[in-house]
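Just below is one structure, and these are the notes that go with it.
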Amino acid sequence: MSSRTCPDWPDLMEIAPELQFKHYTVAEAQLPADALMQIRDISLADVAVCCDLEHNVFYAAHTDERVADALRSSHWFEVREWISAGRPGQAY
């Protein structure tokens, strides 16, 4: 699977216009080790994550549930959590 723009980009642009969500395999995304250690018994090349790699934000609706759970326990945010937390890491 090559990286590509999320098909929900119009909706995502309304809630977080500064982010660009793309689909990757977990192997392509090079997610943090603490999250990867929690993902067992699946091929990282076979499961998807929808995210903005630069801002460490993922979109749970298009991310494998096991990957989303692992990312929640890391420094990553689900897009709605990122918005409600005041967009961590953004300078305003």
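A cut-off under 14 angstrom between Cβ atoms defines the neighbours of Thr5, and their net charge, with Lys, Arg +1 and Asp, Glu -1, is -1.
Sparse packing (at most 14 other Cβ atoms within 10 Å of the Cβ) combined with a DSSP loop state is found for the following trypsin sites (Lys or Arg not before Pro) in the stretch 10-78: Arg40. Is any residue of the stretch 42-80 close enough, with backbone N under 16 Å, to a label point placed 7 angstrom from the Cα of Asp34 along the Cα-Cβ axis, and if so, which? Within reach of a label on Asp34: 56-58, 68-78. Loop sites by DSSP among the GluC sites (Glu not before Pro) of the chain, restricted to those with at most 13 other Cβ atoms within 10 angstrom, leave 55-92 as the longest stretch without any of them. With coordinates expressed along the principal axes, the C-alpha atoms belonging to the chain extend over 40, 25, 18 Å, beginning with the largest. Residue separation of Glu81 and Met13 scaled by 0.36 nm, minus their Cα-Cα distance, works out to 22.9 nm of gained length. Only helical runs count toward this figure. For the chain, summing -39,500 (n - 2.57) over DSSP H runs of n ≥ 4 and dividing by all residues gives -7000 deg cm²/dmol at 222 nm.
Rule-based calculations on the coordinates, nothing more; no lab input. None of the values given here were measured: they were computed from a predicted structure. Glycine also receives a Cβ, built like all others from the backbone with ideal geometry; neighbour counts cover every protein chain displayed.
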